[in-house]
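Novice: Structure in structure tokens, see below.
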Amino acid sequence: MDATAVQNCNLNTRKRTLTEIEVELNRLANSQPAWLACRQVLTRMRQDVQQDFPSHPNLAAVTTVAQAEQHITTAPWFNSLSAKATAWTTAGRVLSELQAAEQVFSAALTNGQWVAEFSGKEMFRRLRDYVYQPPQNPGYPDSDFAKAIGEWQQTNGQVPADLVDLRSALRSKVGLPP
């Protein structure tokens, strides 16, 4: 969420100022802490409950229903499932986890880390609509807008370091020079 690049890209057809874009980005970010907390807690719950989930046995290992039952019920996951479910369904646990997560995300709003920590995908399209009025038959406004921002960043030597690193890693992975 590079406000300067958004403001200066050639698809800022609504002529939004840097200040207007920063205000809009902050407005969009301020709508996310509870939603991000919910996503984070759901992910933790899923990971916790699914940790050590048994793999499918090979065909030769399970030829009877009794063997199938043994495969499932002797798995460490099965034996810890009740305790994990009880821990998550204890009164107040989910609320406590949500409040703790929301505090972390709210702190990121305060200290400016939201730019790196928040889900930019959910903000991108709203920001695009705020600064860019696509033509009647727009084609691909999301990718057009992203490309316009990237072109401005590249032309002005403002490409974020993580993107430079990602590009180098991908090129290296396929055998191209960085």
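The values are calculated or read from the model by the stated rules, or taken from the named source; none is laboratory data. Worth saying up front: this structure is predicted, and the values here are computed from it rather than measured. Reconstructed Cβ throughout: ideal geometry from the backbone, glycine too, with neighbour counts over all protein chains shown. Note: accessible area is taken over every heavy atom of the protein model, side chains too, but ligands, DNA and RNA are not part of it. Shrake-Rupley method; radii C 1.70, N 1.55, O 1.52, S 1.80 Å.
Novice: Which is at pLDDT 95 or above and in contact with a helix residue (DSSP H, G or I) (Cβ under 8 Å, 6 or more places away or on another chain), of VAL94, VAL23?
Specialist: Result of the check over VAL94, VAL23: VAL94.
Novice: Cβ-Cβ below 8 Å, separation at least six or inter-chain, first residue in segment 25-51 and closer than 19 Å to GLY120 by Cα and open to solvent by 60 Å² or more (accessible area, probe 1.4 Å), second at pLDDT 95 or above and part of a loop (DSSP other than H, G, I, E, B): which pairs?
Specialist: Close Cβ pairs satisfying both conditions: none exist.
Novice: Now for a separate question. Which pairs turn up if I take residues in segment 1-23 that are under 12 Å from PHE145 (Cα atoms) and open to solvent by 80 Å² or more (accessible area, probe 1.4 Å) and look for partners that are not in a loop (DSSP other than H, G, I, E, B) and not small (Gly, Ala, Ser) with beta carbon separation below 8 Å, at least 6 apart in sequence or on another chain?
Specialist: Close Cβ pairs satisfying both conditions: ASN10/GLU151; ASN10/TRP152.
Novice: Additional query: For segment 1-63, give me every one of the helices (runs of 4 or more DSSP H) that falls completely inside it and has 2 or more residues that are over 17 Å from ARG128 (Cβ atoms).
Specialist: Counting at least 2 such residues, we get 18-30, 33-50.
Novice: Look at segment 108-151 and say how many of its residues are crowded, with 17+ Cβ neighbours inside 10 Å and assigned to a loop (DSSP other than H, G, I, E, B).
Specialist: 2
Novice: Just the residues that are in contact with a Leu (Cβ under 7 Å, 6 or more places away or on another chain) and closer than 30 Å to LEU98 by Cα, please, taken from segment 7-32.
Specialist: If the condition is that a residue be in contact with a Leu (Cβ under 7 Å, 6 or more places away or on another chain) and closer than 30 Å to LEU98 by Cα, then GLU24, LEU25, LEU28, ALA29, ASN30 are the ones that fit.
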